[in-house]
Amino acid sequence: MQIASEMAETYTISTEERQFYEDNGYLVIKGLIDFTCLYGCKQRFINICKGVVDRGGMVLVKEPSLAAKGAKGEQLINKDLYYFPFRPAEKIIAAWTAIDDVTIDNGCLYVVPGSHKRNILYEHGNLPGYRKSLTAHYAHEDCHYIDVSRTVQEPIAREVEAEAERRGFRLSFADVWQYKSKSIASSGLQSKL
């Protein structure tokens, strides 16, 4: 992904932006990603959805309880940490990039400012209404896998493991995440994931 040339290698969040993020749980940085790159991503996404190009290892995952109700890939309001078998939570960040214009009318994503401070893990399927979204998540090198047995995350772990087995793979929940994780090159740092 290309960062807009005028911001490349020079953009650092301000103290005010950091405080806004700490208070609200999100930060919008307009113009950070170059329009040409966003347009290319949009075209690639459309081609993948239409089956024009090979999707590689990408899989559209639908929450089973929503699929049974006829949902079409929408995502309920949630705290993504529910799906991650790694911690610490404060070392994980999500990036969401709008490919199309985001308006109040199309409602493709919304946030609940401060909800990250409620210490609640929302499962998909337990709240009314849903929105579409595309996200990327980044975990710090200090993150490590945790055992989700006997936690609120155990049901999703079993669902993911069952889906992997259905596809012919015997993988643990952590194995699935390790398989789909990509390391971002950094000088001298080594990820534990």
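The values are calculated or read from the model by the stated rules, or taken from the named source; none is laboratory data. Because the structure is a prediction, the values reported are computed rather than measured. When we count neighbours, we look across all protein chains shown, and the Cβ atoms used for this are built from the backbone with ideal geometry, even at glycine.
A few remarks follow.
- Residue ID - surrounded by the fewest Cβ atoms within 10 Å (Cβ to Cβ), chosen from residues in segment 1-42 that are in a helix (DSSP H, G or I) and either hydrophobic (A, V, I, L, M, F, W, C) or modelled with pLDDT under 80 (or both): Phe35
- Applying the set (1) modelled with pLDDT under 60; (2) among the aliphatic types (A, V, I, L, M); (3) surrounded by 11 or more Cβ atoms within 10 Å (Cβ to Cβ) to Val59 leaves exactly one unmet item: (3).
- From the options Arg118, Arg87, Arg150, residue that is at pLDDT 70 or above and at positive phi: Arg150
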